[in-house]
Amino acid sequence: MSDPQEHDDGPDEDSVLVAEYVLGLLDPEEREKLRARLVAEPELRRELALWQSRLARLDTEFEEKPAPERTLPAIEEKLFGKPARSRHGLWESLTFWRSLAGAAALIAIIAVGTNFLRPPQLSPSELAMQLVAALEDQGSGVSFVALYDEHSGMFKLTALSGAAVPDKDFELWMIGSDGKPVSMGVVPMSPMEMPVPDDMKSHFTPGTMLTVTLEPKGGSPTGDPTGPVVAKGEATLI
């Protein structure tokens, strides 16, 4: 559920608010306020149609099944210890959201903030050209979320947890159907955006695996992964 005050600053905040409305995360008072705005604001109705189009395929792909009541407290305790973090902490927990409905990566993208994802006004066919990957930690405490927009050719990566390691760098690898890791470069713990090279675009498809390894400063000296895998995830269509 959102704090209504978080959504009074402009169109980006409205985009997040509408996304939460479609996902059913608003409380009754917030839902009623947004419904009244939808009647009066055509731009907001277009934003609603955009998010409904994004999420429509989830209606048929995933069966709704409530989690046991103990699930949330147990996950919070395991991840964060006691006392458990506030509900906002869940927006940073990819493991929790993936376990709920299989829509974790989409939720995580919304959580990262509108600087990471500003939903473009695209047609439903163009929306299907986007891939997302939740790179979950492999016992390292490091996790990322990645978005690739084939329409624009841009790749975005944001760290959700973890910290830089002195005298080391994190390096991102794309592993296509041939199983060969291809470096996408050293990645920071701050949000980044870059164009995908033309010779890599055809290999970036649903099922493509992204991994992050811990390498010497400046990246792998051999052109192949040399350090441990700290995070990995599979790209899927949204």
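The values are calculated or read from the model by the stated rules, or taken from the named source; none is laboratory data. In this text, all values refer to a predicted model and were calculated from it rather than measured experimentally. No Cβ is skipped: glycine too gets one built from the backbone with ideal geometry, and neighbour counts run over all protein chains shown. Only protein heavy atoms, including side chains, enter the accessible area calculation; ligands, DNA and RNA are left aside. Shrake-Rupley method; radii C 1.70, N 1.55, O 1.52, S 1.80 Å.
Restrict the check to the range 198-210 and report whether at least one residue is modelled with pLDDT of 90 or more and touching a helix residue (DSSP H, G or I) at 6+ places or on another chain (Cβ under 8 Å).
Checked against the condition, which is being modelled with pLDDT of 90 or more and touching a helix residue (DSSP H, G or I) at 6+ places or on another chain (Cβ under 8 Å), the range 198-210 yields no hits at all.
Please go through the range 18-37 and pick out each residue that is more than 18 Å from the chain's Cα centre (by Cα) and open to solvent by less than 20 Å² (accessible area, probe 1.4 Å).
Leu26, Glu30, Leu34
Would you please name the residue that is surrounded by the most Cβ atoms within 10 Å (Cβ to Cβ), looking only at residues in the range 187-210 that are in a strand (DSSP E or B) and out of contact with any Asp or Glu (no Cβ under 9 Å at 6 or more places or on another chain)?
Looking at the filtered set, the residue picked out is Met192.
How many residues does the range 211-238 hold that are among the β-branched types (Val, Ile, Thr), within 21 Å of Val132 (Cβ to Cβ) and either open to solvent by 50 Å² or more (accessible area, probe 1.4 Å) or free of Cβ contacts under 8 Å to residues at least 12 places away in the same chain (or both)?
2
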